[in-house]
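Q: For reference, the structure I am asking about is given below.
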Amino acid sequence: FTRKICALHKLEMRKEAAQEWKIRMKRKGIYMEREERVFPSSSGMCNIHTVIWYPDNSIYSYPVGVIQIAHGMIDHIERFEEMAEFFAGKGFVVAGNDHLGHGDSVNGEEDYGYFAKGSHGADYLIKDMHRLTRIMKKMYRDIPYILIGHSMGSFMARKYACIYGDELDGVIFLGTGNQPKSVVNAGLKLAHMAKLVHGDRYRSRLINKLMFGTYNKRIKDNRTDSDWLTKDTAIVDEYTADPKCSYMFTANGYIGFLNVIRFDINEKNIARTPAALPVLFASGEEDPVGDYGKAVKKVFKLYTKYVDNVELRLYEDDRHELHSETNRQEVFEDLLEWIESDVLAYDID
């Protein structure tokens, strides 16, 4: 009964947010639409919260293409609204879901940072991403389909491209990395130990510190633990105040995520990415997840061995969240230019 009350409250909040969004768009003279919906998670644990942004149908009689966004760790899809609005304004339908254990894809706060029983619970995130792909492809057939994965979402997208890459026309990896196998295995051992001693929902401050503790090291006079995300202090403050971004991962979540990373860094798996799939890597040169550009360059070189069309773009002085950076409009325009040239093969405007 309590869960039903919470679900109804969430529904009312979503309706209010949608109405406020429509008013805000109309004030700008923009008549795109925004829809929230849910679908059952492949895990069977909960419903997956999804947002779809539609282009202004008075300008675009039919969408240019579909862009699906996979968000990062301790994140949620509505933090990508500015990016989604940009692409919807260019004629794309943009869709994205809150991953299992994130945002509104939970039954309660205790589910934040938890995937599903077993060591490969993160695979359900990838299966849920594919469920959304199937939903969108039923709605829009025979138009280009592009996947954008950010941070943890980029690691999910890399595995997704190995399994379902033939269903994509292009993929963009934002803020990705290339962690050494020894580091990944050590992290897995530590997370498994925490699970064995305390249970799979245990939240370890030690693991959290080992994962994120050094990310601010190159930032002088940092204000918060999250300054490594972006130079835009207003967005950092919004992030730190957001209850949907204010939790630690469980041992289960770390095990699942690290197993996906272990899959991604295996060169045999990279070789499963379709050779004809256009791939773009984009990261900030001050992004610790990509080892300040060094790790991104390594994974880019690996992909060039197996994929015909791979490009790398590094942004000077930018941190982890390119979609939240102070030069984000430049980033959006660059991503659009790449989609036009390498996926669509024509200019939209």
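Coordinate-derived values only; no laboratory data. As the structure is a computational prediction, the values presented were derived from the model and not from experiment. Using ideal geometry, Cβ is built from the backbone for each residue, glycine included, and neighbour counts are taken over all protein chains shown.
Q: What spacing in nm lies between the two simple spin-label points modelled at ARG223 and HIS192, each 7 Å away from Cα in the Cβ direction?
A: Placing both labels 7 Å along Cα→Cβ, they lie 4.3 nm apart.
Q: Tell me the label-point distance for the pair THR304, GLU110, using the 7 Å Cα-to-Cβ offset, in nm and rounded to one decimal.
A: Inter-label distance under the simple model: 5.1 nm.
Q: Let me ask something else about it. For the chain, what is the percent of antiparallel DSSP beta bridges, rounded to the nearest 5? Present the calculation step by step, with values, prior to reporting the outcome.
A: On the way: 12 of 38 bridges.
Around 30 percent antiparallel, to the nearest 5.
Q: Then there's this: Within 12 Å, Cβ to Cβ, of LEU335, how many net charges do the neighbouring residues add up to if Lys/Arg are +1 and Asp/Glu are -1? Before the final figure, lay out the partial values.
A: Details: positive: LYS90, ARG313, ARG328; negative: GLU311, GLU330, GLU333, ASP334, GLU337, GLU340, ASP342.
That works out to -4.
Q: Take the alpha-carbon centre of the range 212-248, take the same for the range 38-54, and report the distance between them in whole Å.
A: Comparing the Cα centres of the range 212-248 and the range 38-54, I get a distance of 28 Å.
Q: Once the piece of chain linking LYS181 and ALA234 is laid out straight, how much longer is it, given 0.36 nm per residue of separation minus the C-alpha distance between them? Don't jump to the answer; show the numbers that get you there.
A: Values: separation 53, 0.36 × 53 = 19.08 nm, distance 3.59 nm.
Stretched fully, the LYS181-ALA234 segment lengthens by 15.5 nm.
Q: How big is the range 211-347 along each principal axis, measuring the range of its Cα positions in Å and listing the largest first?
A: 43, 38, 26
Q: Further, regarding this structure: Which loop-located trypsin sites (Lys or Arg not before Pro) does the range 104-174 contain, where loop means any DSSP state but H, G, I, E or B and the Cβ has at most 11 other Cβ atoms within 10 Å?
A: Taking the range 104-174 and a limit of 11 other Cβ atoms within 10 Å, the loop trypsin sites (Lys or Arg not before Pro) found are LYS117, ARG141.
Q: Same structure, new question: So how far, in whole Å, is the C-alpha centre of the range 101-165 from the one of the range 63-100?
A: Between the Cα centres of the range 101-165 and the range 63-100 lies a distance of 13 Å.
Q: Moving to a separate point now. What is the pair-distance distribution P(r) of the chain, computed from all Cα-Cα distances in 20 Å bins starting at 0, with each bin given as a whole percent?
A: Using 20 Å bins, I get a P(r) of 31, 62, 8 for the chain.
Q: Considering only GLY187, GLY213, GLY65, give the residue with the highest GNM mean-square fluctuation for the chain, with springs between Cα atoms whenever their separation is below 10 Å.
A: GLY213
Q: For the chain, build the charge dipole from Cβ charges (+1 Lys, Arg; -1 Asp, Glu) around the Cα centre, then report which of PHE263, GLY149, ILE135 sits farthest towards its positive end.
A: PHE263
Q: Can you tally the net charge around PRO243? Count Lys and Arg as +1, Asp and Glu as -1, for every other residue whose Cβ sits under 12 Å from the Cβ of PRO243.
A: -3
Q: In nm, what is the difference between 0.36 nm times the number of residues separating ASP347 and LYS138 and their Cα-Cα distance?
A: Values: separation 209, 0.36 × 209 = 75.24 nm, distance 2.57 nm.
Length difference between fully extended and current span is 72.7 nm.
Q: Also, I was wondering about something else. Treating cross-link reach as a plain straight distance, find the aspartates and glutamates whose alpha-carbon is under 19 Å from the alpha-carbon of LYS127, omitting any fewer than eight places away in the same chain.
A: ASP75, ASP98, ASP104, ASP111, ASP166, GLU167, ASP169, ASP264
Q: Any idea how far apart ALA241 and ASN57 come out in nm if each label point goes 7 Å out from Cα toward Cβ?
A: Result for the modelled spin labels: 3.7 nm.
Q: Under the 0.36 nm per residue contour assumption, what length would be gained going from the current alpha-carbon distance of THR214 and GLU267 to full extension?
A: Values: separation 53, 0.36 × 53 = 19.08 nm, distance 2.73 nm.
Extra length from THR214 to GLU267 when fully extended: 16.3 nm.
Q: Which entries of LYS90/LYS137; LYS159/LYS209; LYS138/LYS298; LYS138/LYS231 have Cα-Cα distances beyond 29 Å here?
A: Numbers: LYS90/LYS137 19 Å; LYS159/LYS209 26 Å; LYS138/LYS298 37 Å; LYS138/LYS231 39 Å.
Beyond 29 Å between Cα atoms: LYS138/LYS298; LYS138/LYS231.
Q: Let me ask something additional. Once amide H atoms are placed 1.01 Å from N in the peptide plane, what residues at a sequence separation of 5 or more from GLY103, or on another chain, have their amide H within under 5 Å of its amide H?
A: Amide H neighbours of GLY103, under 5 Å, 5+ apart: ASP75.
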